[in-house]
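Heads up: the structure comes next, in structure tokens.
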Amino acid sequence: MNDDASARAKWRLETLAVHAGHAVDPGTGAISAPINLSTTFERARDGTYPSGYVYSRSNNPNREALECALAALEGGTDASAFASGIAAGLAIFQSLSPGDHVVMPSDAYHGMTKLVRDLFLRWGVEASFVDMTQLSTVQEAIRPSTKLVWVETPSNPLVKIVDLAAVARIAHEAHAICVCDNTWAPVIQRPLDLGADLILHSTTKYIGGHCDVTGGVVIAKTAGAAFTRIREIQGTAGAVPSPFDCWLVLRGLRTLPWRMRAHTGNAASVATFLASHPRVECVHYPSLASHPGHEIAAKQMSSFGGMIAFETKGGSDAALRTAAKTRLFLRATSLGGVESLIEHRASIAGEDPRTPQSLLRLSIGLEHPDDLIEDLDQALS
Ligand SMILES: *Cc1c(COP(=O)(O)O)cnc(C)c1O
């Protein structure tokens, strides 16, 4: 290991986020990496590829830099970047064979559930959807053919907390791999340290961080067979991000640890305000002692994240009226950007009917928390 590598190995997350995947461009001295749009790379006269790059679907400098940075940030050995979070999930399920069984949370991100139900069940993959907050239910769902256990925590939209280490143990006892969708908690939750084998992120959310790029990634703890197959699928199936998308995600990543601090600080203030508001029925946010997952969240997360769900008194009408009255919160889906968003989840087409009609989901941005609280206060009045 040279000096550079040993120094890097000791870097803390903030430093890694700024420097991993970045190098001064040797040709120009530019400290911001160029965007390499070339789809193809020249061979030397002896037929070899001196740069290691051949064709952009297989690899390119911007994607390689992003994958290196994302693996470093999550403490993994390697990463594979995709054109969206769903495309990253697609590659994971494509690595299975007909007859393989997966255990999924019953409140996984609705697009991921749809992917499994609408595509993979038809191709012979079997799936059980269970409440993962009950470990006995996860254990009971395991079959001899179980190859993969999928965890998403905090969950969407009910902000449920699953005991990651315990679920990973159940998966490993069954010789299955454990995949964690860590989209809601980058930096503040370290699934690979807790036993997960693979992490999925929709980099569209906190990692990109500015609602201007779509992307996804699979990060591996070790360079085992599961990741090797996913890397092959990345090139073979071709759901790859463009060099410009990779550049944007890598740019967003540089401020991620500091943004997460501000998102979570703001969310804690907003959750406390909502919890004492007379027009609010209940607040789903794990910092609150009333949250059923509070203790597990305190154990496995360094802070509680930027996503809040709350239920208004007066059902669907009251919830829609509240969303219609906000001036600062924007009425839009998605999450993890600098601007705060409010969404009536039950209105999203295809959403699980179990989503309460009175539920509003908030993605807390980087505005001043007092401005956010004042906006919600007037919208609830
Ligand atoms: C948005 C999201 C996804 C899907 O990612 P896309 O980039 O929209 O394809 C997957 N999981 C979670 C938890 C998400 O929030």
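Each value in this text was obtained by applying a stated rule to the coordinates, not by laboratory testing. No experiment lies behind these values; they were computed from the predicted model shown. All Cβ positions, glycine included, derive from the backbone under ideal geometry; neighbour counts span all protein chains shown.
Note: region 35-143, Cα convex hull, 164 Å³ per residue. Pairs with C-alpha atoms separated by more than 28 Å, drawn from the list Lys221/Lys299; Lys114/Lys325; Lys10/Lys160; Lys10/Lys147; Lys299/Lys325, are Lys114/Lys325; Lys10/Lys160; Lys10/Lys147; Lys299/Lys325. Karplus-based coupling profile of region 213-225, in residue order and whole Hz: 7, 9, x, x, 8, 10, 10, 10, 6, 10, 7, x, 4, with θ = phi - 60° in 6.51 cos²θ - 1.76 cosθ + 1.60 and x standing for Gly or Pro. Which one, Gly89, Gln139, Val167, is farthest towards the positive end of the dipole of the chain when Lys and Arg carry +1 and Asp and Glu -1 on their Cβ? Of the options given, the answer is Gly89. Taking the number of Cβ atoms within 10 Å of each Cβ as an exposure proxy, the fewest-first ranking of Tyr285, Tyr49, Tyr109 is Tyr49, Tyr109, Tyr285.
Shown for His110, His210: other C-beta atoms within 10 Å of each C-beta, ranked fewest to most, produce the order His210, His110.
Could you tell me how many degrees, from 0 to 90 and to the nearest 10, lie between the Cα long axis of helix 164-173 and the main elongation axis, the longest principal axis, of the Cα atoms of the chain? Between the helix axis and the principal axis of the chain, the angle is about 60 degrees.
Once C-alpha pairs closer than 8 Å and six or more residues apart are averaged by separation and normalised to the residue number of region 5-253, the relative contact order reads 24 percent. Which distance in Å, rounded to a whole number, links the C-alpha centroids of region 214-273 and region 35-99? Each part reduced to its Cα centre gives a spacing of 14 Å. Full extension of the chain between Arg12 and Thr77 yields a length gain of 21.7 nm, computed as 0.36 nm times the residue separation minus the alpha carbon distance. For Thr272 and Ser97, the difference between the fully extended length at 0.36 nm per residue and the C-alpha to C-alpha distance is 58.3 nm.
Annotation: Cα Rg of the chain relative to the compact-globule expectation 2.2 N^0.38 Å equals 1.01. Axis angle, to the nearest 10 degrees, between helix 315-325 and the longest C-alpha principal axis of the chain: 70 degrees.
Across Leu198, Leu13, Leu119, mean-square fluctuation computed from a Gaussian network of the chain (C-alpha pairs under 10 Å connected) peaks at Leu119.
Think of each Lys and Arg Cβ as +1 and each Asp and Glu Cβ as -1; about the Cα centre, that makes the dipole of region 256-380 roughly 160 debye. Per-residue extension of 0.36 nm, minus the Cα-Cα distance of Glu374 and Thr40, leaves a gain of 114.9 nm for this segment. The alpha carbon centroids of region 338-381 and region 133-157 are separated by 28 Å. The 3J(HN,Hα) values that the Karplus relation (6.51, -1.76, 1.60; θ = phi - 60°) gives for region 51-68 are, in residue order, 8, x, 8, 10, 8, 5, 5, 6, 5, 7, x, 5, 5, 4, 5, 5, 5, 5 Hz. Gly and Pro appear as x.
By the beta-carbon count within 10 Å of each Cβ, the least crowded to most crowded order of Ile373, Ile219, Ile170, fewest first, is Ile373, Ile170, Ile219. Rounded to whole numbers, the Karplus 3J(HN,Hα) couplings from phi for region 139-148 are 4, 5, 7, 5, 10, x, 8, 5, 10, 8 Hz, using 6.51 cos²θ - 1.76 cosθ + 1.60 with θ = phi - 60°, and x at Gly and Pro.
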